[in-house]
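A.B. asks: Take a look at this one; I'll ask things after.
Just so it is clear, none of the values below were taken in a lab; they were calculated from the coordinates. Predicted model only: the values in this text are computed from it and were never measured. Every residue, glycine among them, receives a Cβ derived from its backbone with ideal geometry; neighbour counts consider all protein chains shown.
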Amino acid sequence: MTNKEPLLEVRNLEKHFPVRRGILRRTQGYVKAVDGVSLTLDRGETLGLVGESGCGKTTAGRSILRLISPSRGDILFSSRSLSGEGEETRRVNVATVSREELRQLRRDMQIIFQDPYSSLDPRMSVADLVGEPLYVHGIAKGAELHDRVEQLLVAVGLNADHMQRYSHEFSGGQRQRIGIARALALRPQMIVADEPISALDVSIQAQVVTLLQDLQEEFDLTYLIVTHDLTVVRYLCDRVAVMYLGQIVEIATAEALFADPLHPYTEALLSVRTAVEN
Ligand SMILES: Nc1ncnc2c1ncn2[C@@H]1O[C@H](COP(=O)(O)OP(=O)(O)O)[C@@H](O)[C@H]1O
Ligand SMILES: [Mg+2]
């Protein structure tokens, strides 16, 4: 029954940042980074959130996970970890859940960061980086934790020998794999990937795209992919939401969008890409 409703339903999401000026730091106005975004995400689906730099993609992605607090709107999510006895999932509003519920929700929703250089703590070994979520949530420790970390490393194309090393010893692509393993550790239902390949060498971008595809199958994942890169959209996304100045101006299947962009802004976005490709 619960499977009929979308995994995620975002309604009128807003995030306004105060703009402060002068020595008194008075609020002069607001940047409407996200200004009334609504979207749904079905189980197993990949939705791309695209648009030019500064249009609010990252803010929307982070607000949906409540890594930053949204100013307004509802984020309805069918949570496995907050389900009651005998229930498979429970629909909760991420925007208003308590701190403790939010902590539990981290098991269901995770993020892959854009920059694998700054997002991994350089003082932590790979074993700690990947194992920390499992440890913190009391899911595994000791030998079991070790085994789980090893499995996760293998799943992302790294190996057990890497466990005691530190992230700075790895290439960008390998670091992003570590970040992905960390995001996968709690077996989330949904992952928000914020520009997952844009900080990587072009030569290894395709490998990470393929990895994300394989992991989606293996771990039954639903993806929200934030990107300005239309190649990522082409390879990964079932549907695409085009953002412009904090709002969604078009949502369509990836196929339809490339074939026949409806909104003038989408057309402009696609033509830039064609110009770069040619
Ligand atoms: N913490 C913040 N404080 C103030 N303004 C912010 C903050 N984060 C983002 N913004 C502004 O919100 C807008 C959207 O930013 P962002 O979500 O990062 O866009 P994108 O990811 O599409 O490039 C930009 O104008 C940006 O300057
Ligand atoms: Mg961004």
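A.B. asks: Please compute the contact order of segment 207-264 in relative form: average sequence separation of alpha-carbon pairs under 8 Å and at least six residues apart, divided by the residue count, as a percent.
C.D. replies: Contact order relative to length: 22 percent.
A.B. asks: Tell me, what ³J(HN,Hα) does each residue in segment 140-151 have, in order and in whole Hz, if you take phi through Karplus 6.51 cos²θ - 1.76 cosθ + 1.60 with θ = phi - 60° and put x for Gly and Pro?
C.D. replies: 3J(HN,Hα) across segment 140-151, in whole Hz: 8, 8, x, 5, 5, 4, 4, 5, 5, 5, 4, 4.
A.B. asks: To the nearest 500 deg cm²/dmol, what mean residue ellipticity at 222 nm is calculated for the chain from DSSP H runs of n ≥ 4 alone, each contributing -39,500 (n - 2.57), summed and divided by the residues?
C.D. replies: That comes out to -10500 deg cm²/dmol.
A.B. asks: Taking amide hydrogens as modeled 1.01 Å from N in the peptide plane, which residues meet the under 5 Å criterion relative to residue 72, leaving out close sequence neighbours?
C.D. replies: Amide H to amide H, under 5 Å and 5 or more residues apart or across chains, residue 72 pairs with 14.
A.B. asks: How many nm separate the modelled label positions at residue 4 and residue 214, each set 7 Å beyond the Cα in the direction of the Cβ?
C.D. replies: Placing both labels 7 Å beyond Cα along the Cβ direction yields 3.8 nm.
A.B. asks: Follow-up question, since we're still on this one. Run down the aspartates and glutamates and flag those whose C-alpha is under 16 Å from the C-alpha of residue 15, throwing out any fewer than 8 positions away in its chain.
C.D. replies: Correct list for residue 15: 35, 74.
A.B. asks: What share of the DSSP beta bridges in the chain is antiparallel, in percent to the nearest 5?
C.D. replies: 60
A.B. asks: Another question about this same structure. Write down the radius of gyration of the chain and its Dmax, each obtained from C-alpha positions, in Å.
C.D. replies: Just the Cα atoms of the chain yield Rg and Dmax of 19.2, 57 Å.
A.B. asks: Using the Karplus equation 6.51 cos²θ - 1.76 cosθ + 1.60 (θ = phi - 60°), what ³J(HN,Hα) coupling, rounded to whole Hz, does each residue of segment 234-240 give in order, writing x for Gly and Pro?
C.D. replies: Coupling constants for segment 234-240: 4, 7, 10, 9, 7, 10, 9 Hz.
A.B. asks: Additional query: Looking only at segment 218-257, which residues have a backbone nitrogen under 14 Å from a spot 7 Å from the Cα of residue 52 in the C-beta direction?
C.D. replies: 228, 243-247
A.B. asks: Follow-up. Run the numbers for residue 154 and residue 255: contour at 0.36 nm per residue of separation, minus the present Cα-Cα distance, in nm.
C.D. replies: Full extension from residue 154 to residue 255 adds 33.1 nm.
A.B. asks: If you wrap a convex hull around the alpha carbons of segment 116-187, what volume per residue comes out, as a whole number of Å³?
C.D. replies: 76
A.B. asks: A further question on this structure: Using Cα pairs closer than 8 Å and at least 6 residues apart in sequence, work out the relative contact order for segment 116-187, in percent.
C.D. replies: Normalised by residue count, the contact order of segment 116-187 is 47 percent.
A.B. asks: Calculate the FRET efficiency for residue 11 and residue 121 from the Cβ-Cβ distance with a Förster distance of 41 Å, rounded to the nearest 0.05.
C.D. replies: Using R0 = 41 Å, I get an efficiency of 0.70.
A.B. asks: Which ³J(HN,Hα) values in Hz, rounded to whole numbers, follow from the phi angles of segment 82-94 under the Karplus curve 6.51 cos²θ - 1.76 cosθ + 1.60, where θ = phi - 60° and Gly and Pro get x?
C.D. replies: 9, 6, x, 4, x, 9, 7, 9, 9, 7, 10, 9, 4
A.B. asks: If contacts are Cα pairs under 8 angstrom and at least 6 residues apart, what is the relative contact order of the chain in percent?
C.D. replies: The normalised contact order for the chain reaches 23 percent.
A.B. asks: Another question, if that's okay. Could you work out how far apart the two model spin labels at residue 202 and residue 165 are, taking each label as a point 7 Å from the Cα in the direction of the beta carbon, and quote it in nm?
C.D. replies: 2.7
A.B. asks: Can you give the % of DSSP beta bridges in segment 71-200 that are antiparallel, to the nearest 5?
C.D. replies: 55
A.B. asks: Still on this structure, please answer the following. Sort 203, 271 so that the residue with the fewest other Cβ atoms within 10 Å of its own Cβ comes first and the one with the most comes last.
C.D. replies: By the 10 Å Cβ count, ascending: 203, 271.
A.B. asks: What does the extension gain come out to for residue 234 and residue 144, with contour length at 0.36 nm per residue minus their alpha carbon separation?
C.D. replies: Full extension from residue 234 to residue 144 adds 28.5 nm.
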